[in-house]
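First up is the structure itself, then whatever we jot down about it.
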Amino acid sequence: MNKKEYIKAINWTIFILAIVTAIITAYTTLYDLNHTPRFGEDAQSRAGFRWGSLHIMISIAILIISALLVRSWKRLYPYNVPIAIILVGFCYVLFFLTFTIGWVGAVGMLGFFTALLVGVALMISYSVANLIERRKTVNKS
């Protein structure tokens, strides 16, 4: 397995894990909100729909990042999938901010920051690996 195939395998494995984790956590959170009776301060967090200017700004950011990512997918390799993971984080926070009310929206923020951390960590590791490879090439010549 050459380096390019290895990086693709890592990228897509982490991307699929991020999507599956997002779906599972969103489902369990909404299921819990809809099927657990809550009283007092616990009733503050609930499922519900809301849409405002913050949702519009996040949606516009998602559309712009998606368009730029689609347009330059091959040129951004190996950074394309880490950017897509960060985009999934944006979608995750938009989902929670749109369909939940109360402190449970913090789950969306936590998911976004996790996706951001994973995406940036992948980008840094690929940058360091490329830098090391270039230095080896320069030193050999």
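If R0 is 30 Å, what FRET efficiency do you get for LEU116 and TYR31 from their C-beta distance, rounded to 0.05? Result of the calculation: an efficiency of 0.70. Seen against the Cα atoms of the chain and their longest principal axis, helix 80-99 is set at about 10 degrees. Take every pair of alpha-carbon atoms less than 8 Å apart whose residues are at least six positions apart; their mean separation over the length of segment 43-110 yields a relative contact order of 53 percent. Under the criterion of Cα pairs below 8 Å and six or more residues apart, the relative contact order for the chain equals 27 percent. Across all Cα atoms of the chain, the radius of gyration (one decimal) and Dmax (whole number) stand at 19.0, 71 Å. In terms of accessible area, using a 1.4 Å probe and ignoring ligands and nucleic acids, LYS140, LYS8 rank largest first as LYS140, LYS8.
Based solely on its DSSP helices, what 222 nm [θ] is calculated for the chain when runs of n ≥ 4 H residues each add -39,500 (n - 2.57) and the sum is averaged over all residues, nearest 500 deg cm²/dmol?
-27500 deg cm²/dmol
If you average the alpha carbon positions of segment 1-26 and of segment 48-80, how far apart do those two centres end up, in angstrom? A separation of 19 Å, based on Cα centres.
Measuring r between the beta carbons of TYR6 and VAL70 and using R0 = 22 Å, the FRET efficiency lands at 0.35. Residues in segment 113-125 carry Karplus couplings, in order, of 5, 5, 4, 5, 5, 5, x, 5, 4, 5, 4, 5, 5 Hz; the curve used is 6.51 cos²θ - 1.76 cosθ + 1.60 with θ = phi - 60°, and Gly or Pro positions show x. Counting only lysines at least 8 places from LYS74 when in the same chain, those with an alpha carbon closer than 21 Å to its own are LYS3, LYS4, LYS8. These residues, ARG50, ARG71, go from largest to smallest accessible area, 1.4 Å probe, as ARG71, ARG50.
The values are calculated or read from the model by the stated rules, or taken from the named source; none is laboratory data. As the structure is a computational prediction, the values presented were derived from the model and not from experiment. No Cβ is skipped: glycine too gets one built from the backbone with ideal geometry, and neighbour counts run over all protein chains shown. We work out accessible area using only protein heavy atoms, side chains counted, and drop any ligands, DNA or RNA first. Shrake-Rupley method; radii C 1.70, N 1.55, O 1.52, S 1.80 Å.
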